[in-house]
1. Kindly indicate whether ALA157 is closer than 20 Å to LYS219 by Cβ, of a type in the set (A, V, I, L, M) and touching a residue at least 60 places away in the same chain (Cβ under 8 Å).
2. Within the stretch 207-221, can you find the residues that are outside any helix (DSSP H, G or I), of a type outside the set (D, E, K, R) and within 21 Å of GLY13 (Cα to Cα)?
3. Identify all residues within the stretch 276-288 that are touching a helix residue (DSSP H, G or I) at 6+ places or on another chain (Cβ under 9 Å) and farther than 24 Å from LEU338 by Cβ; write none if there are none.
4. When the stretch 219-259 is examined, which residues are found to be in contact with a Ser or Thr (Cβ under 6 Å, 6 or more places away or on another chain) and more than 17 Å from ARG336 (Cβ to Cβ)?
5. I want to confirm something. Restricting to the stretch 28-46 and keeping residues that are open to solvent by less than 70 Å² (accessible area, probe 1.4 Å) and under 20 Å from the mean Cα position of the chain (by Cα), which single residue is nearest to ARG74 (Cα to Cα)?
6. For residues in the stretch 358-389 being assigned to a helix (DSSP H, G or I), within 30 Å of ILE30 (Cα to Cα) and of a type in the set (Lys, Arg), which is farthest from the chain's Cα centre (by Cα)?
7. Under 9 Å between Cβ atoms, which residue pairs at least 6 apart in sequence (or on different chains) link something in the stretch 163-189 that is of a type in the set (Val, Ile, Thr) with a partner that is surrounded by fewer than 16 Cβ atoms within 10 Å (Cβ to Cβ) and part of a loop (DSSP other than H, G, I, E, B)?
8. May I ask you to list the residues in the stretch 1-16 that are farther than 20 Å from ALA70 by Cβ and aliphatic (A, V, I, L, M)?
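The values are calculated or read from the model by the stated rules, or taken from the named source; none is laboratory data. These numbers were taken from a predicted model, which means no experiment stands behind them. Positions of Cβ are generated from backbone atoms using ideal geometry, with glycine treated the same way; all protein chains shown enter the neighbour counts. Side chains included, ligands, DNA and RNA excluded: accessible areas come from the protein's heavy atoms. Shrake-Rupley method; radii C 1.70, N 1.55, O 1.52, S 1.80 Å.
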Amino acid sequence: MRVVQVLTQSGGGPVDHAVEVAVGLAGRGIDSHVVAPPDVRRRAGGSAGITWHDQEAPSKRDLAGLAGLARLLRSLAPDVLHLQDRRAGWVGRGLARSLPRTAVVYTLHGVADGLSDHVAGNLLADRRRRRDRLYYLHGERWITRWGRARVVSPSRAVADFAVRHVGLDPSRVDVVPNGVDADRFRPGPPAPSPTPSRAPNGTGARPRLVWLGGLVPVKRADVLVEAVALMREDVEVLVAGDGELAPEIRALVADRLPEPVRERRTVTLLGHVTDPAPLLQQADGFVLTSAAESCPMALLQAMATGLPAVATAVGGVPEVWGPVAPDLLCPPGDPRALAAALDTLVADPTLRADLGARARERVLSTYTTEHCLEGLLRTYATARAERTR
């Protein structure tokens, strides 16, 4: 069976997810291909067992790139075409009727920011535009039906959006949670001794928390900074990520955490971090402040590393983290609630150790790459069977 994962993005959770899926499929002896921008292959280091095809289509206005993508997909003649972002989804589903032997699967990783509040728990992450309903609701419904595609959602919350708001047939929507490589993301060895700036697991100096994501409006890094400024406990927060809001967040840190405060509470912007695993292994906890999410890879990576988390109760996050620590789920956009939850976590090393162990166990029982692959293979089999009818 030839399975082709298709990406037009160069970074983000869907990219990490698609590459891990492709590697896992190759490990099972499947003819696994990835069509993606060259940057994805460079960051993935080739990934043994995958056949890579470099193809750039960075914008819906790049007609030459989109046409090249369409030609490449036709030439590969896959048994399963798995579309992993919106732009890829439109091209692949549009081609579906010219690929009569190909089963088409589209993963709806999340919802457009202008419609994000249509998902339970989410805030509206950006202004609503006139085209949002046309493109992301009516258009999604039409192109999915045209392509006879099965739709995968990583969370029940987004699957419910696809049925209730997009209008998809519930029998054609599968919930397959994202998975994480629990060998790559695993607890690190205990540090030999604390340093003046921090100590692991409450041995005297400030606990270290990690925030991981793009510095873009939906991730609400501003709420993180405001919350740290309101905390009572000493803490060190490392922000791993870059984006359009980096200058604004840097200015907010300087304003809300002036020099006297920084002796006790700091927020440090690290910029883009290529491999978050070592950073997570050196942390005591994780923070997620998003206004909208589905099944965030960053949270799964932190949990697999054995980190306790404070997170906003958006989208699919309660499905993932709620069974571990519902009291550490916060309303989105509420710095005071976030500060209180962070104080609870930071002040109690025993709580952190207990929740960290439970977090890893939850990943091992439900959210590994193997769990995800099993779910996707069931979807692939169903989609192929439907294609032959």
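1. For ALA157, the condition - closer than 20 Å to LYS219 by Cβ, of a type in the set (A, V, I, L, M) and touching a residue at least 60 places away in the same chain (Cβ under 8 Å) - is met.
2. LEU209, VAL210, TRP211, LEU212, GLY213, GLY214, LEU215, VAL216
3. Correct list: ALA277 only.
4. If the condition is that a residue be in contact with a Ser or Thr (Cβ under 6 Å, 6 or more places away or on another chain) and more than 17 Å from ARG336 (Cβ to Cβ), then LYS219, GLU236, LEU238 are the ones that fit.
5. Going through the qualifying residues, I end up with VAL35.
6. Pass one, the stretch 358-389, residues assigned to a helix (DSSP H, G or I): 358-366, 369-387.
From the residues that got through so far, the ones that are within 30 Å of ILE30 (Cα to Cα) too are 360-366, 369-387.
Keeping just the survivors that are of a type in the set (Lys, Arg) gives 360, 362, 378, 384, 387.
Working: ARG360: 17, ARG362: 17, ARG378: 22, ARG384: 27, ARG387: 30 Å.
Result: ARG387.
7. Matching pairs, first to second residue: VAL163/ASP169.
8. Across the stretch 1-16, the qualifying residues are MET1, VAL15.
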